[in-house]
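The values are calculated or read from the model by the stated rules, or taken from the named source; none is laboratory data. Being a predicted model, the structure only gives us computed values, none of them experimental. For neighbour counting, all protein chains shown are included, and Cβ atoms are generated from backbone atoms with ideal geometry for every residue, glycine included. Calculation scope for accessible area: heavy atoms of the full protein, side chains included, ligands and nucleic acids excluded. Shrake-Rupley method; radii C 1.70, N 1.55, O 1.52, S 1.80 Å.
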Amino acid sequence: MDILQISGIALTGAVLAVVLKQKAPPMAVLLSVAVGVIIFLLVLGKIGAIVDILRQLSERADISSIYLGTLLKIIGIAYIADFIAQICRDADQGAFATKVELAAKIMVLVLAVPIVVAVLQALLRLVP
Amino acid sequence: MEVLRELIQTIIVIVVLAVLVEMLLPGGDMRRYVKMVMGLLIIMAILQAAAGVVNSQFMQDVPAVTVSDTGAPPLEDIMAVGQELAGKDRDKAEQQFSEGLSRQVLALVGMNPEVQAVDAQVSLDGENSDIREITIIFNVEDESGAGGQQASNGIGGDLGVQPVVVDLDRKSPADEQSPAKTATTEQKKAAAELTKMVSQFYNLKPDQVKYKFEE
């Protein structure tokens, strides 16, 4: 029944934000941030189970834990950047949202560089 | 056939893993980037599985490349510190082993009351920590004391009596001390027997165990 709890929090927050947006727009932004953080914290504990399954599958497929760790890091960066960019857009700060997304893209590519190099090396060694 | 079965199983697991991870991907503009990295990782996984089947070594140094972005100190530094720690531990263990052996040799030698050992120096081989040489140091002057104490205790009877040596050729008082510092024949004989016993006890060659007399 967690989904009902989360839906209730989101609906309440939305109604309150609509009301607050007329009278005190800054408070509406703060409320949306607070609701977002609360929902994120509620589902944070359940992510561990998914990560465990992913680890078991990667061990079964003989994939190095470094690769899986990199992939999870990249997914985390993408989610956090998406979350913050959305909050910035809610606060009518589209420029900040774009900058956060740009930073996230650069970080994802930096994390991906070793993997790209590894794939390239492996493919070049395949050539006789 | 078994190898092919293993390969297909591994690829199935990789595909299931990829589908699971794709479900986790965020929406929006970031999805394309994460999907690209995920595709590369799947290529790596399939290549690893294929390399395992053909026993090829072309994936051997791949993990070393990926360690560079972890923020931890370089692997060489960690290995150097680890080797330094291992060396210190080894030296300490060798020192403790040497001291323990020295005490053991002293206890063995102490079973013979004719001579009194004051020290046993054990030198070890550097690589395997084998015993290279044992040098037992006997005290010359305490022989009479030990014998006298034994005689007073009534153990051994006349064994504690030191042989009387009448030296008529003694010339000056300065020369009196030098003959007293040398070990008697009985002491040397007892020391040689003890040395032989120690070499047999530790399964060493006779020339690896030496003795000397000091004041």
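More than 8 Å from chain A (Cβ to nearest Cβ), open to solvent by less than 90 Å² (accessible area, probe 1.4 Å), modelled with pLDDT under 85 and over 30 Å from residue A:89 (Cα atoms): is that true of residue B:87 in this structure? Outline the logic, then answer.
Working: more than 8 Å from chain A (Cβ to nearest Cβ): yes; open to solvent by less than 90 Å² (accessible area, probe 1.4 Å): yes; modelled with pLDDT under 85: no; over 30 Å from residue A:89 (Cα atoms): yes.
So residue B:87 does not fit the description; no.
Go through segment A:74-100 and give me each residue that's open to solvent by 20 Å² or more (accessible area, probe 1.4 Å) and at the interface with chain B (Cβ under 7 Å from one of its Cβ atoms). Step through it out loud before you land on a result.
First, the residues of segment A:74-100 that are open to solvent by 20 Å² or more (accessible area, probe 1.4 Å): A:76-77, A:79-80, A:82-84, A:86-96, A:98-100.
Across segment A:74-100, the qualifying residues are A:79, A:82.
Restricting the first residue to segment A:14-35 and requiring it to be outside any helix (DSSP H, G or I), which pairs with a second residue that is open to solvent by less than 90 Å² (accessible area, probe 1.4 Å) and aromatic (Phe, Trp, Tyr) meet a Cβ separation below 6 Å and a spacing of at least six or different chains?
No pair meets every condition.
With (1) polar (S, T, N, Q); (2) touching a residue at least 40 places away in the same chain (Cβ under 8 Å); (3) surrounded by fewer than 16 Cβ atoms within 10 Å (Cβ to Cβ) as the list, and residue A:70 as the residue in question, which single condition is left unmet?
Every listed condition holds for residue A:70 apart from (3).
Where residues in segment A:101-128 are open to solvent by 30 Å² or more (accessible area, probe 1.4 Å) and not aliphatic (A, V, I, L, M), which of them is farthest from the other protein chains (Cβ to nearest Cβ)?
A:128
With respect to residue A:32, determine if the residue is of a type in the set (Ser, Thr, Tyr) and farther than 19 Å from residue B:24 by Cα.
On the way: of a type in the set (Ser, Thr, Tyr): yes; farther than 19 Å from residue B:24 by Cα: yes.
So residue A:32 fits the description; yes.
Given the criterion assigned by TED's automatic domain parsing to the domain that holds residue A:2 and touching a Leu at 6+ places or on another chain (Cβ under 9 Å), identify the matching residue among A:44, A:72, A:54.
Values: A:44 fails: touching a Leu at 6+ places or on another chain (Cβ under 9 Å); A:72 fails: assigned by TED's automatic domain parsing to the domain that holds residue A:2.
That would be A:54, the only listed residue that is assigned by TED's automatic domain parsing to the domain that holds residue A:2 and touching a Leu at 6+ places or on another chain (Cβ under 9 Å).
I'd like the residue in segment B:3-41 that is open to solvent by less than 50 Å² (accessible area, probe 1.4 Å) and more than 7 Å from chain A (Cβ to nearest Cβ) and, out of all such residues, is farthest from residue A:77 (Cα to Cα).
Residues of segment B:3-41 that are open to solvent by less than 50 Å² (accessible area, probe 1.4 Å), as a first pass: B:7, B:10, B:13-14, B:17-18, B:21, B:24-27, B:30, B:34, B:37-41.
Retained after the next criterion (residues that are more than 7 Å from chain A (Cβ to nearest Cβ)): B:7, B:18, B:27, B:39.
Values: B:7: 32, B:18: 18, B:27: 13, B:39: 17 Å.
That would be B:7.
Out of the residues in segment A:49-67 that are under 20 Å from the mean Cα position of the chain (by Cα) and modelled with pLDDT under 85, state the one that is most open to solvent (accessible area, probe 1.4 Å).
Restricting attention to segment A:49-67, the residues satisfying the condition of being under 20 Å from the mean Cα position of the chain (by Cα) are A:49-55, A:66-67.
Applying the additional criterion that residues be modelled with pLDDT under 85 yields A:66-67.
Values: A:66: 53, A:67: 5 Å².
Applying the filter and picking the extreme gives A:66.
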